[in-house]
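Asks: The structure follows.
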Amino acid sequence: MIENVSVTAANINTQTNNNNLNNRPKPVADPLAVQKLPIEQINPQRVNQTISNAESNFSAQKENYLLNPDSIMNQLTQALELTPPMAENMKKLLLDKSFLNKNVKNNPELKMYFEEFMKGIKMDKGKMLEFIKFQQKNNTKFNGEFFNYLREAVNTAPHESFKDLAGNFLKSYDCFLTQGNTTQTIKTILQNIAEALPKILKETFEDMSSKLLLDNPESSSDINLDLLKNEIIPYLSKYVAKTNDFGLVRDYISVLIHNVVRLEAGNKDSFSNSIENLFNYLKLNFKLDDKEIANLKHLLVTEYRDQGNKSNNAIDYMFKMIDTGIKDETNVANKTVFEGIEQSLLVNSNVQIPLAHIFLPVNFEGTFMFSELWFGKIIEEEKKKNSRNGEIIQTEVFNMFLTFDIDNVGYFETVAICKDDKLQLELFIPPVLNTRNKEILEAISNIISKNGLKAEKLFVSECSKKRKFNEVFKSNVAKDRGINVFA
């Protein structure tokens with residue numbers, strides 16, 4: 001992009017161009033002005049690629065896994081390093097009375113959500129378990145018996161093409177469930193484009209954009225798609241062609257088209273076609289009869305209906321509180337804290353990270369605690385003993401990183417690896433408990449035995465440094481290719 005060149009747009013609302021407009025003196029761009037971009041411009045070369053031996057040696061020594069120096073994975077790992085720990089900001093909400101009195105309680109809306117959130121985190125042991133199970137069960141839209149069956153079908157399908165078929169269905173299902181959010185996002189993008197367009201074109205574009213229907217987005221998707229594909233996008237295409245605008249408007253158009261594709265993938269016709277193709281394949285290639293197909297369809301409908309009934313009061317009010325705090329432009333302290341919490345949640349849920357992330361803010365019998373849990377699953381392959389045919393055995397290995405900070409006690413970290421019924425566990429405790437290592441070790445051994453596990457390795461030591469999850473899961477940051485909605 002040439003920063004110091006500004007092009008004045010011709011009026012594309014009329015059939016003939018006004019030569020006077022084209023002959024106007026070009027305004028000189030302010031060299032000190034910073035142009036706002038909605039997204040970073042895409043460089044096609046910045047993808048995960050195979051790298052040379054020289055580069056791989058350097059990368060292996062530096063990061064313990066291979067990365068192309070130009071890869072977007074570098075940006076992800078940098079974001080993980082820069083993301084503020086969620087626990088630090090949550091502690092201000094749970095424990096810092098000075099911060100609460102000076103900031104949160106001065107905003108009536110924020111105060112209301114905060115009080116409801118505090119009611120929701122008063123838990124006993126049973127409610128804590130329910131809170132964790134809710135997050136684990138709903139960490140993806142693809143839960144339930146139907147999607148469990150689909151996972152098995154992908155692994156046992158007679159043809160590799162079934163992966164693409166199942167992937168198309170999952171994409172369509174996801175887009176169908178989020179039509180309302182997608183439509184609202186498109187409306188926001190259109191508003192941003194209108195603000196960035198020259199004044200001479202703004203009114204016409206706003207009139208066109210106002211036709212977008214926000215009520216009942218599912219039933220209005222065909223009308224909205226017709227408006228977007230036959231009026232709005234051609235109008236913007238004409239604008240870019242006449243003005244060679246490769247700046248802010250062009251970037252917004254890229255985001256708009258992405259969301260239009262999502263809206264089209266999620267409309268009723270596309271969703272119905274993806275379902276029909278999926279079930280026809282299952283019927284023909286898995287030899288399912290009509291009764292089995294009908295049962296699968298019933299399971300799918302049940303999962304779809306359950307999507308609207310999933311809620312947790314504490315989590316719902318926490319998200320409302322975060323949203324309100326971020327919008328509080330008059331209070332920098334609130335905005336900083338809640339933006340930090342939001343950033344931690346968004347980065348930890350990045351699709352490039354195949355880990356489930358669970359958080360637990362809790363008031364247990366008057367004691368406040370904030371805990372975070374990351375866990376992932378890998379498949380280890382090893383040759384079966386005494387096998388003449390070289391038979392391979394696959395074993396699931398679960399990795400867990402647990403942190404918790406208890407008021408008036410301190411900060412704990414736990415790293416655990418579980419394979420079959422064998423467990424390796426390392427516990428790092430606050431200095432105040434350092435004299436009770438043997439007592440803690442014995443208590444953990446009893447807990448492991450009660451749960452039918454065998455302790456291969458137990459280690460208890462003082463916690464000298466707080467770690468982030470990407471420091472523990474170094475080799476698991478990059479997401480495996482293929483269909484895997486475990487995390």
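Asks: Among the residues of region 370-403, count how many are under 23 Å from residue 89 (Cα atoms) and touching a residue at least 40 places away in the same chain (Cβ under 8 Å). Steps first, answer last, please.
Replies: We begin by selecting, within region 370-403, every residue under 23 Å from residue 89 (Cα atoms); these are 370-375, 400-403.
Add one more test, that the residue is touching a residue at least 40 places away in the same chain (Cβ under 8 Å), and what stays is 370, 372-374, 401, 403.
Residues meeting the conditions: 6.
Asks: Something else now. Pick from 177, 190: which is within 15 Å of residue 257 (Cα to Cα), surrounded by 14 or more Cβ atoms within 10 Å (Cβ to Cβ), among the hydrophobic types (A, V, I, L, M, F, W, C) and touching a helix residue (DSSP H, G or I) at 6+ places or on another chain (Cβ under 8 Å)?
Replies: Among 177, 190, only 190 is within 15 Å of residue 257 (Cα to Cα), surrounded by 14 or more Cβ atoms within 10 Å (Cβ to Cβ), among the hydrophobic types (A, V, I, L, M, F, W, C) and touching a helix residue (DSSP H, G or I) at 6+ places or on another chain (Cβ under 8 Å).
Asks: Another one. Hey, could you check region 142-165 for residues that are part of a loop (DSSP other than H, G, I, E, B) and within 17 Å of residue 298 (Cα to Cα) and say which is modelled with the lowest pLDDT?
Replies: Taking region 142-165 first, the residues part of a loop (DSSP other than H, G, I, E, B) are 142-144, 157-160.
This time we only want the ones that are within 17 Å of residue 298 (Cα to Cα), so: 142-144.
Numbers: 142: 80, 143: 76, 144: 80.
Filtering region 142-165 for residues that are part of a loop (DSSP other than H, G, I, E, B) and within 17 Å of residue 298 (Cα to Cα), the one modelled with the lowest pLDDT comes out as 143.
Asks: So, one more: Going by the structure shown, is residue 293 within 22 Å of residue 182 (Cα to Cα), hydrophobic (A, V, I, L, M, F, W, C) and either modelled with pLDDT under 90 or assigned to a helix (DSSP H, G or I) (or both)? Talk me through it step by step, then tell me what you get.
Replies: Details: within 22 Å of residue 182 (Cα to Cα): no; hydrophobic (A, V, I, L, M, F, W, C): yes; either modelled with pLDDT under 90 or assigned to a helix (DSSP H, G or I) (or both): yes.
It is false that residue 293 is within 22 Å of residue 182 (Cα to Cα), hydrophobic (A, V, I, L, M, F, W, C) and either modelled with pLDDT under 90 or assigned to a helix (DSSP H, G or I) (or both).
Asks: How many residues does region 256-315 contain that are without any contact (Cβ under 8 Å) to a residue 40 or more places away in the chain and basic (Lys, Arg)?
Replies: The qualifying residues number 5.
Asks: For residue 362, state whether it is crowded, with 19+ Cβ neighbours inside 10 Å, farther than 21 Å from residue 473 by Cα and of a type in the set (A, V, I, L, M). Let's see the steps before the verdict.
Replies: Values: crowded, with 19+ Cβ neighbours inside 10 Å: yes; farther than 21 Å from residue 473 by Cα: yes; of a type in the set (A, V, I, L, M): yes.
For residue 362, the condition - crowded, with 19+ Cβ neighbours inside 10 Å, farther than 21 Å from residue 473 by Cα and of a type in the set (A, V, I, L, M) - is met.
Yes/no matrix, rows are residues, columns are (1) surrounded by 14 or more Cβ atoms within 10 Å (Cβ to Cβ); (2) under 28 Å from residue 85 (Cα atoms); (3) at pLDDT 90 or above:
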site: 396; (1), (2), (3): no, no, no
site: 418; (1), (2), (3): yes, yes, yes
site: 425; (1), (2), (3): yes, yes, yes
site: 460; (1), (2), (3): yes, yes, yes
site: 464; (1), (2), (3): no, yes, no
site: 471; (1), (2), (3): no, yes, no
site: 474; (1), (2), (3): no, yes, no
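Asks: Right, here's the next one. Filter region 427-448 down to the residues that are touching a Cys at 6+ places or on another chain (Cβ under 9 Å) and either assigned to a helix (DSSP H, G or I) or surrounded by fewer than 12 Cβ atoms within 10 Å (Cβ to Cβ) (or both) and list them by number.
Replies: 431 - this is the single residue of region 427-448 that is touching a Cys at 6+ places or on another chain (Cβ under 9 Å) and either assigned to a helix (DSSP H, G or I) or surrounded by fewer than 12 Cβ atoms within 10 Å (Cβ to Cβ) (or both).
Asks: Let me ask you something else. How do the pairs read when you match residues in region 82-97 that are part of a helix (DSSP H, G or I) with residues anywhere that are of a type in the set (Phe, Trp, Tyr), using Cβ under 7 Å and keeping only pairs 6 or more apart or on different chains?
Replies: Partner pairs satisfying both residue conditions: 86/359; 87/370; 90/370; 91/370; 92/99; 94/368; 94/370.
Asks: Does region 57-79 contain any residue that is at pLDDT 50 or above, of a type outside the set (A, V, I, L, M) and touching a strand residue (DSSP E or B) at 6+ places or on another chain (Cβ under 7 Å)?
Replies: No.
The values are calculated or read from the model by the stated rules, or taken from the named source; none is laboratory data. Computed from a predicted structure; not experimentally measured. A quick note on method: Cβ atoms are made from the backbone with ideal geometry, for glycine too, and the neighbour counts reach across all protein chains shown.
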